[in-house]
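What follows is a short report on a single structure.
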Amino acid sequence: MDVFLMTLTTGIMVGGIYALIALGWVLIYKCSGVLNLAMGELTLIGAYVSLSFYSMGIPFVLSLLFSLIIGFVLGILTERIFLDRLIGKPILSVIMVTVGLSFFFKGIVELIWGTDTRVFTPAVFPLEPIRIGPLVIGQVYLWSFVAAIVLLVIFVGFFQYTRWGLAMQATADDEMAALSLGVSARFVYATAWAIAFMAAGVGGTLLGNINGLNISVGYLGLLVLPAVVLGGLNSVPGAIVGGIIIGVLQNLAGAYLDKYFPGGVKEVAPFVFMVIFLLFKPHGLWGWERIERV
Amino acid sequence: MSTTFLPCSVYHEDYTQDHAWWQTKFIRGKMILLLLLLFVVIPKFADSYVLSVCNQIGYTILGALGVQLLIGYCGQLTLGHAAFLAVGAYTSTLLVLEFPWPKFLMDWGLAYPISIIAAAVVSGLWSVLFGLPSARVKGFYLILTTMAAQFVTVDFVIAQYVSRIGGRGQAFSLPPGTIKIGPWVIDTNLKVYFMMVVLVILCVIGLANLLRSRAGRAWVAIRDNDISAEVMGINIIKHKLLAFFVAGFIGGIAGAFWISNIAAISYEHFPWFWSLWLVGVILIGGVGSIHGTIFGAIFMVVVMEGLQLAVMPLADTYPKLLMDFLFIKEAAFGLAICAFLIFEPNGLAYRWWQIKNYFNLWPFSY
């Protein structure tokens with residue numbers, strides 16, 4: 001029972017980070033209809049930037065802030081240079097441009113920072129675990145979860161209450177109507193990418209704190225895809241719930257299935273689960289069901 | 001049939017002429033020259049390095065043909081094709097190394113050719129298994145399921161289980177002399193080259209003819225609008241699965257071919273990168289055209305080799321470059337895909353078509 005509870009809590013904590021990254025993904029999709037396969041690389045960039053600042057001796061919170069700013073700039077640049085020209089092109093072109101971007105970013109990251117695993121030194125979060133009743137939780141997980149939740153709340157608040165957020169919601173809901181009411185769609189697209197970059201960067205930084213930072217963190221960023229499919233592609237609450245579910249499932253699979261299928265069950269389980277889920281509920285938990293017409 | 005304009009005074013009098021592949025004497029001459037180039041000129045004059053580049057091009061073409069069929073003709077987006085190449089390669093290797101062949105088959109050198117066919121069939125069936133979700137989902141969701149195919153097949157089943165067969169650990173080494181067709185042991189680049197040319201020609205002819213059969217027309221109908229296709233009475237599930245089977249079949253041939261060119265096979269030969277690379281090849285070559293696949297493969301391999309040649313001389317002064325070349329290649333590939341999609345969305349095949357028409361219609365192109 002203890003093992004179960006432990007994996008459950010760890011899963012929820014890691015899932016919080018996935019939820020944060022998934023939120024960025026859903027935003028891009030909702031606002032501009034771009035299915036982004038470069039999410040893993042966005043997490044990598046943000047994580048490496050904040051790691052570089054941190055190893056220069058800048059306090060963690062400040063370096064996180066810097067990586068947010070750089071993520072914002074990079075997001076707007078990416079949207080302007082690459083995605084802006086592809087509005088209205090077929091789905092394959094747009095997806096493959098994000099794939100191209102992912103290679104480009106990955107190559108650049110490897111060129112600048114190399115492929116060795118790097119860790120945040122000195123450790124950002126204290127190493128000794130916290131005990132809550134029977135549970136033992138690493139502080140890294142706990143604080144990462146807290147940070148992820150705080151950011152999630154900030155982002156959701158941004159959408160609900162600020163003028164920009166409302167403009168984004170309007171565009172996501174009905175682009176034509178939003179345009180006719182004076183919302184600049186290009187501005188909304190750029191903001192969506194900027195926010196996705198920032199969310200992914202924070203997510204990557206937190207993930208990098210847990211296990212050290214190398215290229216495989218980009219693979220963890222890819223796990224948002226099962227998460228968003230689970231929640232429904234265009235649902236913000238779906239992304240959050242999906243992210244947490246995927247985190248839990250991944251850890252449960254690692255704990256219980258590893259005995260029967262030794263090896264990389266933990267990495268594969270989310271994708272297998274996703275395929276099975278897709279067969280029964282192709283639109284996810286809260287995604288819109290589009291009725292297709294000829 | 002043909003999308004190019006025929007020259008003046010060439011008229012078709014019956015349907016066989018209209019459906020012929022090589023419609024004019026000029027085209028026939030051109031094709032014979034091409035065959036001469038492939039079978040005589042290149043083997044005679046190319047050195048081992050050029051041949052190895054050619055083999056790589058051939059492998060890319062074979063791999064990308066299946067992707068072209070799925071994406072370009074049937075509209076089923078796939079990002080996991082390397083999995084089927086891996087299945088083909090591993091099936092063929094296992095059959096050659098582990099299967100108790102009857103003595104006379106071994107003596108006649110038939111083990112490898114039979115294993116190629118078996119690999120193609122196994123790979124096709126495996127592909128159908130992962131094509132099953134296409135009955136219910138499409139577009140982006142299908143991309144996800146094919147990605148799952150890649151991760152499950154290569155990173156899990158093959159890396160963790162298949163690689164362990166025979167207690168070999170991670171990689172299967174292929175001792176020299178095991179890959180044998182008839183009396184010939186495939187050991188030099190030249191022999192691999194001949195095998196490659198024959199396989200590519202067979203696959204291209206097979207696929208091209210399949211595409212103008214009933215099944216091929218059904219695939220194009222599904223690509224253009226699957227709901228209309230269903231309304232017109234096409235069994236779309238059957239045809240989608242057939243497309244997956246044929247794509248996996250060709251992928252299996254590609255994988256089984258590739259083991260003749262490498263000394264040891266490991267699952268790291270078939271990363272997700274390779275799946276994306278194949279999709280990149282058809283995007284650059286042109287979606288929905290077979291010669292686009294060939295152009296794309298030639299372009300990508302030659303450009304990457306050229307990049308390597310350009311980087312090598314610099315490596316003496318900057319040794320770090322040699323190590324970083326892989327990353328430069330990755331970044332260049334990414335940028336190339338983006339640039340092609342933004343500036344040349346129809347690919348090289350479209351440009352080729354324009355050039356051809358320019359000369360066909362010259363000097364009155366209006």
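The values are calculated or read from the model by the stated rules, or taken from the named source; none is laboratory data. Computed from a predicted structure; not experimentally measured. Glycine also receives a Cβ, built like all others from the backbone with ideal geometry; neighbour counts cover every protein chain displayed.
Exactly one residue out of A:Leu42, A:Leu68, A:Leu62, A:Leu74 is closer than 12 Å to A:Ala196 by Cα and either β-branched (Val, Ile, Thr) or out of contact with any Ser or Thr (no Cβ under 9 Å at 6 or more places or on another chain) (or both): that is A:Leu74.
Looking only at residues of the stretch B:349-362 that are surrounded by 13 or more Cβ atoms within 10 Å (Cβ to Cβ) and either under 22 Å from B:Ile71 (Cβ atoms) or among the aromatic types (Phe, Trp, Tyr) (or both), we find that the one that is nearest to the chain's Cα centre (by Cα) is B:Ala349. Every test in (1) within 8 Å of chain B (Cβ to nearest Cβ); (2) charged (D, E, K, R); (3) surrounded by fewer than 16 Cβ atoms within 10 Å (Cβ to Cβ) is passed by A:Asp84 save one, and that test is (1). Of the residues making up the stretch B:224-235, those that are part of a helix (DSSP H, G or I) and either out of contact with any helix residue (DSSP H, G or I) (no Cβ under 8 Å at 6 or more places or on another chain) or in contact (Cβ under 8 Å) with a residue 24 or more places away in the chain (or both) number 4.
Cβ-Cβ below 9 Å, separation at least six or inter-chain, first residue in the stretch B:117-139 and more than 14 Å from chain A (Cβ to nearest Cβ) and closer than 16 Å to A:Pro282 by Cβ, second among the acidic types (Asp, Glu) and in a loop (DSSP other than H, G, I, E, B): which pairs? Correct list of pairs: empty, since none qualify. Residues in the stretch A:72-97 that are closer than 16 Å to A:Cys31 by Cα, among the small types (Gly, Ala, Ser) and assigned to a helix (DSSP H, G or I): 1 in all.
Does the stretch B:152-166 contain any residue that is surrounded by 23 or more Cβ atoms within 10 Å (Cβ to Cβ) and more than 9 Å from chain A (Cβ to nearest Cβ)? Checked the stretch B:152-166: at least one residue is surrounded by 23 or more Cβ atoms within 10 Å (Cβ to Cβ) and more than 9 Å from chain A (Cβ to nearest Cβ).
Annotation note: Cβ proximity below 6 Å between a residue of the stretch A:254-281 that is touching a residue at least 24 places away in the same chain (Cβ under 8 Å) and more than 10 Å from chain B (Cβ to nearest Cβ) and a residue that is basic (Lys, Arg) and surrounded by 15 or more Cβ atoms within 10 Å (Cβ to Cβ) (sequence gap 6+ or interchain) occurs for A:Gly254/A:Lys266.
No other residue among A:Leu278, A:Leu213, A:Leu230 is of a type outside the set (Phe, Trp, Tyr), in contact with a strand residue (DSSP E or B) (Cβ under 8 Å, 6 or more places away or on another chain) and crowded, with 22+ Cβ neighbours inside 10 Å apart from A:Leu213.
Okay, residues lined up against (1) closer than 25 Å to B:Ala89 by Cβ; (2) at pLDDT below 85:
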| position | (1), (2) |
| --- | --- |
| B:Met147 | yes, no |
| B:Phe156 | yes, yes |
| B:Arg164 | yes, yes |
| B:Arg168 | yes, yes |
| B:Asp187 | yes, yes |
| B:Val200 | yes, no |
| B:Ser213 | no, no |
| B:Ala218 | no, no |
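Quickly run through the stretch B:140-151 and pick out the residues that are more than 8 Å from chain A (Cβ to nearest Cβ) and of a type in the set (A, V, I, L, M). B:Leu142, B:Ala149, listed by residue number.
Entry remark, the stretch B:178-218: residues being of a type in the set (D, E, K, R), closer than 21 Å to B:Tyr49 by Cα and assigned to a helix (DSSP H, G or I) number 1 in total.
With the structure loaded, tell me whether B:Ala221 is surrounded by 14 or more Cβ atoms within 10 Å (Cβ to Cβ), of a type in the set (A, V, I, L, M), away from chain A (no Cβ under 14 Å) and assigned to a helix (DSSP H, G or I) or whether it fails that test. Against the criterion (surrounded by 14 or more Cβ atoms within 10 Å (Cβ to Cβ), of a type in the set (A, V, I, L, M), away from chain A (no Cβ under 14 Å) and assigned to a helix (DSSP H, G or I)), B:Ala221 does not qualify.
The residues of the stretch A:166-176 that are farther than 17 Å from A:Val34 by Cβ and in contact with a Ser or Thr (Cβ under 9 Å, 6 or more places away or on another chain) amount to a single one, A:Ala167.
Considering only the stretch A:56-63, I want to know if a residue exists there that is buried (at least 24 other Cβ atoms within 10 Å of the Cβ), at negative phi and assigned to a helix (DSSP H, G or I). No, the stretch A:56-63 contains no residue that is buried (at least 24 other Cβ atoms within 10 Å of the Cβ), at negative phi and assigned to a helix (DSSP H, G or I).
Listed conditions (1) within 13 Å of chain A (Cβ to nearest Cβ); (2) crowded, with 18+ Cβ neighbours inside 10 Å are all met by B:Phe270, apart from (1). Considering only residues in the stretch B:322-348 that are within 20 Å of the chain's Cα centre (by Cα) and more than 9 Å from every other protein chain (Cβ to nearest Cβ), the one that is modelled with the highest pLDDT turns out to be B:Leu348.
Of the residues making up the stretch B:309-318, those that are surrounded by 10 or more Cβ atoms within 10 Å (Cβ to Cβ), part of a helix (DSSP H, G or I) and either over 29 Å from the mean Cα position of the chain (by Cα) or touching a residue at least 60 places away in the same chain (Cβ under 8 Å) (or both) are B:Leu314, B:Ala315.
Condition check ((1) in contact with a strand residue (DSSP E or B) (Cβ under 9 Å, 6 or more places away or on another chain); (2) more than 28 Å from B:Leu335 (Cα to Cα); (3) within 14 Å of chain A (Cβ to nearest Cβ); (4) among the β-branched types (Val, Ile, Thr)) across all residues:
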site: B:Arg212; (1), (2), (3), (4): no, yes, no, no
site: B:Ala215; (1), (2), (3), (4): no, yes, no, no
site: B:Val231; (1), (2), (3), (4): no, yes, yes, yes
site: B:Leu241; (1), (2), (3), (4): no, yes, no, no
site: B:Gly251; (1), (2), (3), (4): no, no, no, no
site: B:Ile259; (1), (2), (3), (4): yes, yes, no, yes
site: B:Ser275; (1), (2), (3), (4): no, no, yes, no
